[in-house]
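No lab work stands behind these numbers, since they all come straight from the coordinates. All of these numbers come straight from a predicted model, not from anything done at the bench. Positions of Cβ are generated from backbone atoms using ideal geometry, with glycine treated the same way; all protein chains shown enter the neighbour counts.
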Amino acid sequence: MESNPILRIATKIMTPYILMFALYVQFHGDYGPGGGFQAGVIFAAAFVLYALIYGIETARLVLPMGVAALCGALGVLIYAGVGIATMFLGGGFLEYGFLDSHDAEHGQHLGILLVELGVLTTVFGVMVVIFYSFAGRGRVEE
Amino acid sequence: MSALSFLNYWFVIILMMVGFYVLIAQGNLVKKIVGLNIFQTSVFILYISAGKITGGTAPILDTQWSVYSNPLPHVLILTAIVVGVATSALGLSLVVRIKEAYGTIEEDEIAQMDESL
Amino acid sequence: MLAVTALIVVRTQNLFAVAMLTGIYSLLSATFFTLLDAVDVAFTEAAVGAGVSTVLMLGTLSLVGHRQKKQRTVQIVPLLIVTVTGLILMYGTLDIPPFGEADNPIHLHETTVHYLEESSHETGMPNVVTSVLASYRGYDTMGETTVIFTAMVGVLLLMSGRKKDGTGGADDGE
């Protein structure tokens, strides 16, 4: 598969668009269907496609396993961090209205965006790690 | 109204039966996880059906619409799907380890090996 | 159609075909979710079920082999258990409020009414699913995120160990 020029070029063309579509899904989640979970999966799908076509070793150069695992942890941290931040700003845990001192609605908006970002990072990291560990395991002789 | 109103739920139950059957009758561990997925989907459909209103629209607020389906089950199932894939990944990785340890993924063969130890 | 695909999954012996059929099954259920107005759910199911889990399934199969042992045709006892359970559940559905009626208890509960009427000016977003997911039920979603993270840790623990025959484990220096 790694030598098929059509697949290689097509992947090269499509990968940035898949990534961009994921970001669109992420930031447009307030108005249409979408959000952190879906965006994370699509983001990960771009890397999975890349790894399938160019080989798992090349993909690991682009995005090492450790970085993906770090993403998985970072997302939870962002989520909980937003909660702690609202506590410092005087509200309850995850009470986004306090993120903006003037307008509670803006605070909610900001909070939701940040939290969704956390979800995106976690889901993306987890999916890539799971894929790497399955694909990099080596074949069983049949 | 009468029969049609239960059709959806019965459909859910049929799917659930298929998944349940695969889960307990098939010996292959990968097949068991597939069965678990089918079972899961039936529960998802049950929740989503409960939230549907005939003639309603997707819960994205807009001035043109006034009847929306219930958003709460959607939220619950949305997270459940992603958690479901994470848990089935965990299950599949267990299967891989079992294959490496026993050399097979058929349940009865594994049980035989355990007994002969 | 969904049920037919599920039944084929049961009968098929080749596990590669099963993996592909699971993908088709997910896609079909995604269309079904769209029909039931759950666009967000359908989106997730299409991306996760048809995309990622099929790839995962194929990855597993390349590790464990795709031949299933020949099964005895139909096993009576499991079939009996399943049928009895199904019949009991069908009896249970007779008490469920009818499908799609606007005055079912679920639609009249105060949380639902609150979400639909207040969320647009409490959070300023038109998509109620997103605002409920991230704001009203933020604790839930945080729990889910943690569950996914835990699953990742579990997979890493299980899969990153050294292989028995020593031909290149998954992780070197992880």
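Expressed in whole Å with the largest first, what are the equivalent ellipsoid semi-axes of the protein assembly as shown derived from the C-alpha gyration tensor as the square root of 5 times each eigenvalue?
Values: eigenvalues 258, 184, 68 Å².
Ellipsoid half-lengths, sorted descending, are 36, 30, 18 Å.
Partner shielding of C:17-26 amounts to 2, given as the average count of beta-carbon atoms from other chains within 10 Å of each residue beta-carbon.
For B:Glu115 and A:Met14, FRET efficiency with R0 = 41 Å and r from the beta-carbon atoms, rounded to 0.05? Numbers along the way, then the final one.
Values: r = 52 Å, r/R0 = 1.27.
The computed FRET efficiency comes out at 0.20.
Positive contributions from Lys and Arg (+1) and negative ones from Asp and Glu (-1), summed over other residues with Cβ under 11 Å from the Cβ of A:Gly29, come out at -3. Distance between the modelled labels on C:Asp140 and A:Tyr24, one decimal in nanometres: 2.9 nm (7 Å Cα→Cβ projection). Taking the Cα atoms only, what angle lies between the long axis of helix A:5-27 and the longest principal axis of chain A, rounded to 10 degrees? Roughly 10 degrees between the two axes.
For B:Lys52, what is the net charge nearby, where nearby means another residue's Cβ is under 15 Å from its Cβ and Lys, Arg count +1, Asp, Glu -1? Walk me through the numbers on the way to the answer.
On the way: positive: none; negative: C:Asp37, C:Asp40, C:Glu101, C:Asp103.
Its environment carries a net charge of -4.
Going by how many other beta carbons lie within 10 Å of each one, how would you line up B:Asp108, A:Asp30, fewest first? Mind dumping the intermediate values first?
Values: B:Asp108 10, A:Asp30 20.
So the residues, fewest neighbours to most, are B:Asp108, A:Asp30.
If you wrap the Cα atoms of chain A in a convex hull and average its projected area over all directions, you get 10.6 nm². All Cα-Cα distances of the stretch B:4-116, cut into 10 Å bins from zero to the largest, leave 13, 31, 27, 16, 9, 4, 1, 0 percent in each bin in turn.
If I take R0 = 30 Å and measure r between the Cβ atoms of A:Ile6 and C:Asn14 in this structure, what FRET efficiency does the formula 1/(1 + (r/R0)^6) give, to the nearest 0.05? Intermediate values should be presented prior to the final figure.
Numbers: r = 28 Å, r/R0 = 0.93.
Approximately 0.60, to the nearest 0.05.
Here the simple spin-label model places points 7 Å from the Cα toward Cβ, and for B:Arg97 and C:His114 these points are separated by 4.2 nm. Averaged over peptide B:24-33, the number of partner chain Cβ atoms lying within 10 Å of each residue's Cβ comes to 6. Based on DSSP H segments of at least four residues, each scored -39500 (n - 2.57), chain A has a per-residue ellipticity at 222 nm of -25500 deg cm²/dmol.
Modelled spin-label separation between C:Gln75 and C:Leu157, with each label point placed 7 Å from Cα along the Cα-to-Cβ direction: 2.9 nm.
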